[in-house]
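The values are calculated or read from the model by the stated rules, or taken from the named source; none is laboratory data. Since the structure is predicted, the reported quantities are computational estimates derived from the model, not experimental observations. Neighbour counts are summed over all protein chains in view; Cβ atoms, including those assigned to glycine, are modelled from backbone coordinates with ideal geometry. Calculation scope for accessible area: heavy atoms of the full protein, side chains included, ligands and nucleic acids excluded. Shrake-Rupley method; radii C 1.70, N 1.55, O 1.52, S 1.80 Å.
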Amino acid sequence: LYPEAFRLHPDTRRLAFFIFGMNNVHGLYIPANSKYLTVKNNCIIDKTEGKLIAGTVGATIPTDGSITSIGDYAFYGIEGLALKSIPKSVTHIGDYAFAHSSAFSSIRIEGAASIGNYAFYDCTYMTAVYFEEQTPSIGDSAFAQCILITEIGIPDSVTYLGKSAFEGCSNLQNIIIPESVTEIGTEVFSGCKKLTYMVANQKKVLQIHSKN
């Protein structure tokens, strides 16, 4: 049996992943005088670091500039998200942040956010990703197994494409690798059976290997 509510001490700062058995902030009471944590838009936020730690059904990311990063596993496996975009203030999307989520069909990344490893892994209902700013890197398996994505435009700021970044995107047809990319991990497009490769600067020699 699970208790109906959890009350945290105001000095609590760190919450372990799955500490409550699920990423669910309903029934979690954070005192108003908490030094570190707050709840906003159905999200737990470390207000000293501007990090979104965890979200739940119906969560949206605050757009008031208070969020600068999305933590590892923050929305892992969550269904029913109301997310349409990631605010411009976010500069990093953590590992597995949205992995195994079936809650959205497209996502707009408004800021220059680096994309962590497995960040959008197995988002099986996602059909499109839009980048509006100068994303610096796309991590290992970041969009792997997103089987409904047909097209994606990689910003010309990206220097590294992670290992297996688009592995298993079986409906991906078009992708442009910008000349800014100097390093590509192994098996980036493994299983992308419909893909036509287009490289912006084909004279540039790309370094192909796995990045640890």
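Tabulated results
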| quantity | calculated |
| --- | --- |
| Top-ranked residue in region 87-137 [being within 10 Å of the chain's Cα centre (by Cα) and among the β-branched types (Val, Ile, Thr); ranked as farthest from TYR76 (Cα to Cα)] | ILE109 |
| Condition met for LEU172 (out of contact with any helix residue (DSSP H, G or I) (no Cβ under 9 Å at 6 or more places or on another chain), open to solvent by less than 60 Å² (accessible area, probe 1.4 Å) and either closer than 25 Å to ALA59 by Cβ or not in a strand (DSSP E or B) (or both)) | yes |
| Residue in region 109-118 that is surrounded by the fewest Cβ atoms within 10 Å (Cβ to Cβ), counting only those that are assigned to a loop (DSSP other than H, G, I, E, B) and not hydrophobic (A, V, I, L, M, F, W, C) | GLU110 |
| Boolean, VAL199 is more than 19 Å from the chain's Cα centre (by Cα), of a type outside the set (Phe, Trp, Tyr), modelled with pLDDT of 85 or more and on the phi < 0 side of the Ramachandran plot | no |
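Here's the yes/no breakdown for (1) in a strand (DSSP E or B); (2) open to solvent by 10 Å² or more (accessible area, probe 1.4 Å):
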residue	(1), (2)
LEU81	no, yes
LYS88	no, yes
ALA97	no, no
SER101	no, no
ILE107	yes, no
PHE120	no, no
THR124	no, yes
TYR130	yes, yes
GLU133	no, yes
